[in-house]
Amino acid sequence: MLLKKRRTHGRMKSTLAKLHLEMLSDKSRTEAYRQVIVHNSASLQSKVIMDLGCGTGIVSLFCAKLAQPTAVYAVEASAMAEYTRELVRQNTCEGVVTVLQGRAEEVQLPEQVDVLVSEWMGNCLLFEYMVESVLLARERWLREGGTMWPSSASLTLVPCQAHSYYAEKMAFWENTYGLDFTPLQSLALQEFFAKPKFSHVTERDDCLASPHDVLGLDMYTLQVSDLEEMEGQFQFCLERSGQFHGFTAWFSVVFKSLEEGGAPVELNTGPNAEPTHWKQTLFMLDKPMVVHVGDRVQGSVILRRNPVWRRHMTVTLHWDVSGSVHEANKLI
């Protein structure tokens with residue numbers, strides 16, 4: 001029994017290390033948060049900061065090292081908190097940073113905060129819905145007039161090509177070792193295209209039109225109830241001809257400046273920005289369509305939160321290509 005417990009604990013440590021290695025290695029993500037602290041260091045002096053879902057505590061450490069806040073409360077619900085405390089001690093920041101283990105709904109802070117910072121974004125922006133914890137923490141602990149980082153977020157969509165992925169999952173069956181396996185295409189369709197493809201890399205030339213923001217979140221006014229269903233509209237005028245395989249989605253977040261006249265910092269996870277560990281999310285059509293320059297693709301996207309599995313959602317896309325109406329549901 002003791003041996004079994006040790007192995008389980010070992011697997012947990014291994015998973016934590018893998019997760020945080022991926023996030024810390026994401027230079028675009030981590031550097032964006034560092035730049036926010038650097039650019040606002042003067043305004044953060046004597047402020048009280050809450051770092052929600054702090055993970056390794058790197059943002060809390062940035063605050064302690066690069067600014068002069070009165071206090072930073074690093075809140076982490078998982079077992080990572082014990083390592084975060086050690087990292088805070090190792091980097092001699094225990095006089096400023098206090099690590100609190102607990103969920104946003106339950107954790108108790110000794111005071112309200114001036115700044116609430118969190119890295120809550122998931123695939124397709126909302127997946128896993130950590131944003132709910134951020135909103136609950138905002139209502140409980142952010143002072144009136146306090147700052148939310150990120151301050152706003154948007155979900156972006158573009159019609160795209162995905163030749164290699166389609167060939168890998170669907171065209172493959174058309175000539176397999178000289179044999180026709182096309183009866184398995186319907187099975188492959190359900191298995192591979194019913195859900196989105198996470199961590200997809202969309203090349204610039206794969207985009208058939210200019211991208212369009214379909215959802216915008218104001219982190220000061222967004223409510224938990226708003227997360228149940230969110231709908232956005234889109235209309236694209238295609239700028240290149242080719243095979244329309246599906247839609248690619250990504251997100252961007254903006255951190256408003258606290259400095260007078262200061263520029264905001266943006267983290268963009270799209271194909272035209274520096275790569276991130278999120279990459280992009282691909283929603284495949286059941287069958288590709290031949291499209292031409294000037295064709296119009298218009299419709300809507302609806303994100304519905306799962307009523308039972310609350311960290312999951314269904315993405316429903318309705319689209320019309322030059323008069324042909326289509327619909328697809330994708331479960332995340």
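Here are a few things to note about the model shown:
- Total residues in the stretch 40-64, condition outside any strand (DSSP E or B) and over 23 Å from the mean Cα position of the chain (by Cα): 9
- Once the stretch 294-312 is narrowed to residues that are in a strand (DSSP E or B) and out of contact with any helix residue (DSSP H, G or I) (no Cβ under 9 Å at 6 or more places or on another chain), the residue that is nearest to V224 (Cα to Cα) is I302.
- Condition met for E239 (acidic (D, E) and farther than 16 Å from V158 by Cβ): no
Quick note: the coordinates plus some simple rules give every number you see, no bench work behind them. Predicted, not measured: the structure shown is a model, and the values here were computed from it. When we count neighbours, we look across all protein chains shown, and the Cβ atoms used for this are built from the backbone with ideal geometry, even at glycine.
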